[in-house]
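Just below is one structure, and these are the notes that go with it.
The values are calculated or read from the model by the stated rules, or taken from the named source; none is laboratory data. Being a predicted model, the structure only gives us computed values, none of them experimental. Backbone-built Cβ (ideal geometry, glycine too); neighbour counts: all protein chains shown. Protein only, heavy atoms only, side chains kept; ligands, DNA and RNA dropped before computing areas. Shrake-Rupley method; radii C 1.70, N 1.55, O 1.52, S 1.80 Å.
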Amino acid sequence: MNNENILITGVAGFIGSFLAKRLLESGNVVIGVDNLNDYYDTNLKESRLNNLQTYDNFKFIKSDISKKEIILDVFKNEKPTVVINLAAQAGVRYSIVNPDVYMESNVQGFFNILEACRKYPVKHLIYASSSSVYGNNKNVPFKEEDRVDYPVSLYAASKKTNEMMAYTYSHLYNIPTTGLRFFTVYGPMGRPDMAYFGFTDKFFNNEPIAIYNNGDFENDLYRDFTYVDDIVEGVSRLISLPPSSEDGNVPSTIFNIGNNNPVKLMDFISTLENALSKSLNREVTFQKVFEPMKPGDVPATYASIEKLNKITGFKPQTPLEKGLQKFTDWYVDYYKKK
Ligand SMILES: NC(=O)c1ccc[n+]([C@@H]2O[C@H](COP(=O)([O-])OP(=O)(O)OC[C@H]3O[C@@H](n4cnc5c(N)ncnc54)[C@H](O)[C@@H]3O)[C@@H](O)[C@H]2O)c1
């Protein structure tokens, strides 16, 4: 797949920027949209964009997906053949204190993307959902067909809403849509609001890290961490595989995209300490305080990736040690730490 005109929203974001790079390198035209909001350090978004601006086949449009007329104009002018909607307000905890922006970006914004795909048909609309739709689901590994009717944060509710809206538009207007439930994605140039990044910041600020597992290591939290290159590989493979509407099927589907290899939070933290020790060439031990779980957090996320594997052959390749090493090497270099 190398001849498409691909619109990526959230292109200055963590996943969007890696995906754009891969698709540009395989010869596609990428039109990137992002509103460059200041939810986290905008310098990081600018750095990611600067890397992309070196490609002739890349075009950046600074705009907001919650503005319908602007988004319709982007579709009219750029004529994308494939759309990958990653723009969203992310973060579970932030949705507790700042709910409005989730409705604007995640619900109204996604509605605008669907409307634009209705007016200017595309071969495939891929959009980001989230593992958080599984809420407090106890049946691990999480499977796509599990019931996900009980979201425990507005962020999760907004993503579940996206899945239902996509199904409706596929049903009514025959738009092929694929939703991706991402499971904690990490890597270099990642999101500063995520734990591995925040822990590293705290180490250099000489502050303790807060671990929300109550200090209960027997019943530690489990997370399925997925390295960003693996995510990019999975998404790239899916682009040319839109769900079919043959035999009267609604061309709408959903995949987990994760690692199928959950890690205890404490093991994750020691792996991060080891990686940072290697990057700095000195022993690193985080100061730690243990606190109860936060509202909206879930005890375990763990993906079944059988469905995606069957269709694409996708299997994550990056062990946690290797992925975190790439993150800490990047961090130390980018922020000039010693
Ligand atoms: N990283 C993860 O672990 C993870 C897990 C589950 C789901 N997701 C989802 O994947 C997608 C990408 O995540 P990410 O980690 O790259 O996040 P990110 O915050 O780094 O990227 C999102 C980008 O979208 C942009 N954006 C936000 N609202 C916008 C709007 N209204 N109009 C235009 N641009 C807007 C932001 O400026 C940002 O650059 C998001 O939809 C997120 O909810 C990510």
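Listed values, structure above:
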{"item": "Pairs of Lys in the range 72-224 closer than 19 Å at Cα, counting only those 8 or more apart or on different chains", "result": "7"}
{"item": "P(r), alpha carbons of the range 97-203 - 10 Å bins starting at zero, rounded %", "result": "13, 37, 35, 13, 2, 0"}
{"item": "Solvent exposure of the chain as accessible area per residue, Å², 1.4 Å probe", "result": "45 Å²"}
{"item": "Stretch gain in nm, segment Asp329-Phe290, where the contour uses 0.36 nm per residue and the Cα spacing is subtracted", "result": "11.3 nm"}
{"item": "Sum of -39500 (n - 2.57) over DSSP H runs of 4+, divided by residues of the chain (222 nm, nearest 500)", "result": "-12000 deg cm²/dmol"}
{"item": "Other-chain or far-sequence residues with amide H under 5 Å of Ser130's (modelled H)", "result": "Phe182"}
{"item": "Farthest toward positive dipole pole in the range 241-338 [+1 Lys/Arg, -1 Asp/Glu at C-beta], among Asn281, Val250, Thr312", "result": "Asn281"}
{"item": "In the range 278-329, lysine pairs closer than 21 Å at Cα, eight or more apart or cross-chain", "result": "5"}
{"item": "Under the Karplus curve 6.51 cos²θ - 1.76 cosθ + 1.60, θ = phi - 60°, whole-Hz ³J(HN,Hα) for the range 209-225, x wherever Gly or Pro sits", "result": "8, 9, 10, 8, 10, 6, x, 9, 6, 5, 10, 5, 6, 10, 9, 9, 9"}
{"item": "Nonlocal amide H pairs with Ala303, under 5 Å, H built at 1.01 Å", "result": "Phe142, Asn259, Asn260, Asn261"}
{"item": "Pair Asp56, Leu241: separation of 7 Å Cα→Cβ label points (nm)", "result": "3.3 nm"}
{"item": "Rg to Rh, two decimals, where the chain supplies the alpha carbon set and Rh follows Kirkwood", "result": "0.95"}
